[in-house]
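See structure below.
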Amino acid sequence: MVNNAPNGAPSAVTPAFQQWPSATHFDIPAMLAAGWRPSAFTEFVVKIASRCNLDCDYCYMYHAADQSWRSQPKLMSLETVSALGRRIAEHAVTHSLTRVGVSLHGGEPLLAGPGYIQEFADVMRAQLADHCEMSLVCQSNGTLVTAEMARVLQRNRIRVGISLDGDREANDRHRLYRDGRSSFDAVMRGIDTLRRLDEDLFSGVLATIDLHNDPVATYRQIVDLDVEHCDLLFPHANWTTPPPTADSRSATPYADWLIPIFDLWYERPRQPLKIRIFRDIMNLLLGGTGGFEMVGHGPVTLLSIETDGSIELVDTLKTSYEGATATSLTLTGASLDEALAHPGVVARQIGLDALAEPCLNCRFRDVCGGGMYTHRYRAGSGFKNPSVYCADLYALIAHIEARLRTDLIAANGETL
Ligand code: SF4
């Protein structure tokens with residue numbers, strides 16, 4: 001349970017390569033002999049642009065421990081895009097994949113411009129055409145969606161998720177231009193431009209929680225956008241760099257913030273908005289599997305590709321320490337199967353074996369699954385810890401469980 005979370009200070013700081021996980025922690029031949037199999041990568045976060053036109057103060061690319069963006073080219077070359085297509089095709093054939101997801105990411109991917117986005121899609125489709133289907137999506141700040149860009153996105157069936165933290169006040173706490181100007185109007189114009197061309201192009205909102213924001217106002221702003229998907233994200237933090245608490249005295253400020261939203265969302269008849277963290281928790285509580293990165297302990301099959309073609313671990317790890325995402329593998333020198341053997345990938349595909357003792361003994365082990373991997377980091381021990389949001393996750397899951405139980409009993413006398 002919550003108070004099982006390790007609160008002690010780290011012992012002597014251990015070099016990153018000795019922290020969990022490192023190569024010394026896994027005997028992969030023995031694991032394979034015992035029946036474990038890696039899960040093929042199916043989702044690729046592709047950093048086509050390494051710079052951004054905004055300067056959001058919580059951005060894990062530019063304001064976190066890892067500053068490797070400084071040495072990256074501004075745009076991914078088309079040669080690298082082609083190498084990426086070849087590697088994904090090779091991986092799809094090896095693992096009989098029929099479909100992969102590719103997310104255009106950055107920095108701000110739309111800085112690449114409409115011509116580049118078209119070329120990217122053409123090159124990738126040419127490489128993958130004979131091997132597997134590809135769904136292309138884009139994660140953007142929304143400020144650079146011109147009419148021409150929207151046409152290119154539509155032509156290539158690239159749906160766009162937009163980062164927006166709520167209403168103008170919420171958004172402007174963090175999501176500003178370098179000169180301090182608000183990005184809110186530009187984001188709303190971008191959403192409008194997408195929508196005017198094609199209702200379906202704007203796929204979802206990604207909102208980072210700030211405890212200063214009113215949760216109900218945030219939720220209403222997102223509902224008013226009439227969008228299909230929403231991710232409500234904990235700010236990236238860990239035991240060494242703890243989350244902002246906004247001077248809250250609560251032991252569970254993030255659960256306190258999310259629960260009113262859950263209640264409104266859950267009680268809304270014919271709910272069209274899919275809030276991933278709530279849906280995943282409900283699904284796992286009801287015995288389902290999966291869960292994206294926030295909850296659950298299913299295998300993570302996501303891989304990040306840097307602008308220069310480096311094969312990397314998921315980019316949110318940049319919040320832990322300099323070099324946390326590096327694998328030393330590149331598209332030109334290594335197959336994606338080689339990345340499957342990297343300790344940082346293996347650690348995310350071994351389920352319960354990646355969990356710390358308190359999580360293994362936790363009532364919500366199979367729902368929470370230790371929380372987001374990035375949030376488990378502690379300098380000195382690495383990632384085999386409960387989430388720094390342990391208490392919040394426990395309280396949120398307990399609340400959702402209680403609501404489901406009440407309704408199931410009321411509906412037909414069943415219990416969880
Ligand atoms: S499974 Fe989640 S709630 Fe349970 S101890 Fe681990 S981090 Fe905390």
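Things to note:
- Paramagnetic label zone (point 7 Å from Cα along Cα-to-C-beta, D130; backbone N under 19 Å) in segment 77-98: 82-98
- Gain on full stretching of the segment that runs from Q118 to T146 - 0.36 nm per residue minus C-alpha separation: 8.6 nm
- Cα pair count fraction exceeding 20 Å, expressed as % - segment 284-358: 37
- Net charge of Cβ neighbours under 9 Å - reference S335; Lys, Arg +1; Asp, Glu -1: -2
- E322 versus R249: modelled label distance in nm, points set 7 Å from Cα along the beta carbon direction: 4.1
- Going by neighbour counts of Cβ atoms within 10 Å, the residues D256, D247 line up, fewest first, as D247, D256.
- Kirkwood Rh, Cα atoms: Rg over Rh of segment 38-351: 0.94
- Per-selection Rg to Rh, segment 172-285 - Cα, Kirkwood hydrodynamic radius: 0.99
- Helix-only mean residue ellipticity at 222 nm for the chain, each DSSP H run of n ≥ 4 adding -39500 (n - 2.57), per residue, nearest 500: -10000 deg cm²/dmol
- When +1 charges are put on Lys and Arg Cβ atoms and -1 charges on Asp and Glu Cβ atoms, the dipole computed for the chain relative to its Cα centre reaches about 160 debye.
- Computed extension gain for A33 through T332, at 0.36 nm per residue and net of the alpha carbon distance, reaches 104.6 nm.
- Each Cα pair under 8 Å and six or more residues apart adds its sequence gap; the mean of these over the residue count of the chain is a relative contact order of 22 percent.
- q = 0.09, 0.10, 0.15 Å⁻¹, segment 48-203: log10 I(q)/I(0) [Debye, one scatterer per Cα]: -0.32, -0.39, -0.84
Coordinate-derived values only; no laboratory data. Because the structure is a prediction, the values reported are computed rather than measured. Note: ideal-geometry Cβ built from the backbone for every residue, glycine included; neighbour counts use all protein chains shown.
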